[in-house]
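Enquirer: Below are the structure tokens for one structure; questions will follow.
The values are calculated or read from the model by the stated rules, or taken from the named source; none is laboratory data. Keep in mind that this is a model prediction, so the values were computed, not measured. All Cβ positions, glycine included, derive from the backbone under ideal geometry; neighbour counts span all protein chains shown.
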Ligand code: SF4
């Protein structure tokens with residue numbers, strides 16, 4: 001997919017208040033375009049690299065400014081890695097606003113690191129990601145009991161620890177959920 005520094009190709013509007021794409025209340029950015037074509041993918045309408053719509057990145061940032069009561073931002077799709085530069089601009093902005101960032105990709109972490117050798121933008125993007133949910137959806141490894149992912153081959157990778165320790169560090173799911181699910185003060189109406 002050709003990348004234009006001003007635009008991102010999205011499959012849908014930003015979706016706020018998701019509770020299934022990472023911990024807490026999250027806003028999901030549905031990127032358009034995926035070449036992995038996993039069997040029984042739930043979002044095949046996001047595969048077309050020329051589908052969805054081109055949206056100004058500045059409009060996405062404006063929409064992020066309008067968010068309320070969100071704990072984090074999740075990039076999903078499609079596969080955000082096909083628009084790494086655009087996603088990185090948005091991720092960097094969200095990070096500055098204090099959001100934690102989750103990214104779903106069909107690439108494995110190792111594949112992303114390989115791509116980073118040719119294009120530094122991948123490494124820059126990783127530096128702004130808290131958790132990477134990596135790997136293709138594999139129907140024969142589907143497990144409905146997994147936390148925030150569909151198949152057993154997919155991993156919840158703590159990206160910052162992984163970069164620091166130069167080896168894959170998986171998320172401590174229990175500790176992370178306690179920290180991120182219950183941090184908000186109760187809201188009274
Ligand atoms: S990587 Fe995700 S969006 Fe792409 S085909 Fe696989 S499940 Fe579908």
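Enquirer: Within region 121-148, how many residues turn out to be out of contact with any helix residue (DSSP H, G or I) (no Cβ under 6 Å at 6 or more places or on another chain), within 19 Å of residue 101 (Cα to Cα) and either free of Cβ contacts under 8 Å to residues at least 24 places away in the same chain or in a strand (DSSP E or B) (or both)? Walk me through it before giving the result.
Expert: Start the filter on region 121-148 by keeping residues that are out of contact with any helix residue (DSSP H, G or I) (no Cβ under 6 Å at 6 or more places or on another chain), which leaves 127, 130-131, 133, 135-146, 148.
Then keep just the ones that are within 19 Å of residue 101 (Cα to Cα); that gives 127, 130-131, 133, 135, 148.
After this cut, where a residue has to be either free of Cβ contacts under 8 Å to residues at least 24 places away in the same chain or in a strand (DSSP E or B) (or both) as well, the list is 131, 133.
Residues in region 121-148 being out of contact with any helix residue (DSSP H, G or I) (no Cβ under 6 Å at 6 or more places or on another chain), within 19 Å of residue 101 (Cα to Cα) and either free of Cβ contacts under 8 Å to residues at least 24 places away in the same chain or in a strand (DSSP E or B) (or both): 2 in total.
Enquirer: May I pose another question? Filter region 2-41 down to the residues that are in contact (Cβ under 8 Å) with a residue 40 or more places away in the chain, out of contact with any strand residue (DSSP E or B) (no Cβ under 7 Å at 6 or more places or on another chain) and within 16 Å of the ligand (Cβ to nearest atom) and list them by number.
Expert: Selection gives 20, 34, 35, 36, 38, 39, 40, 41.
Enquirer: Out of region 153-167, which residues are outside any helix (DSSP H, G or I) and either free of Cβ contacts under 8 Å to residues at least 12 places away in the same chain or within 15 Å of residue 123 (Cα to Cα) (or both)? Spell out the reasoning first.
Expert: Going through region 153-167, the residues outside any helix (DSSP H, G or I) turn out to be 153-158, 166-167.
Matches in region 153-167: 157, 158, 166, 167.
Enquirer: Filter region 149-168 down to residues that are within 14 Å of residue 110 (Cβ to Cβ) and touching a strand residue (DSSP E or B) at 6+ places or on another chain (Cβ under 7 Å), then give me how many there are.
Expert: Of the residues in region 149-168, the ones within 14 Å of residue 110 (Cβ to Cβ) are 153-155, 157, 159, 162-163, 166-168.
Retained after the next criterion (residues that are touching a strand residue (DSSP E or B) at 6+ places or on another chain (Cβ under 7 Å)): 154-155, 157, 159, 168.
So the answer is 5.
Every residue, every condition in (1) within 12 Å of the ligand (Cβ to nearest atom); (2) assigned to a helix (DSSP H, G or I); (3) without any contact (Cβ under 8 Å) to a residue 12 or more places away in the chain, yes or no:
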{"residue": "75", "(1), (2), (3)": "yes, no, no"}
{"residue": "84", "(1), (2), (3)": "no, yes, no"}
{"residue": "93", "(1), (2), (3)": "no, yes, no"}
{"residue": "98", "(1), (2), (3)": "no, no, yes"}
{"residue": "103", "(1), (2), (3)": "yes, no, no"}
{"residue": "106", "(1), (2), (3)": "yes, no, no"}
{"residue": "117", "(1), (2), (3)": "no, yes, yes"}
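Residues are listed down the side, and each one gets a yes or a no for (1) exposed (fewer than 14 other Cβ atoms within 10 Å of the Cβ); (2) at pLDDT below 95:
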| site | (1), (2) |
| --- | --- |
| 5 | yes, yes |
| 9 | no, no |
| 15 | no, no |
| 44 | yes, no |
| 61 | no, no |
| 64 | no, no |
| 72 | no, no |
| 76 | no, no |
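Enquirer: How about region 43-61: which of its residues are without any contact (Cβ under 8 Å) to a residue 12 or more places away in the chain and either within 13 Å of the ligand (Cβ to nearest atom) or in contact with a strand residue (DSSP E or B) (Cβ under 6 Å, 6 or more places away or on another chain) (or both)?
Expert: 44
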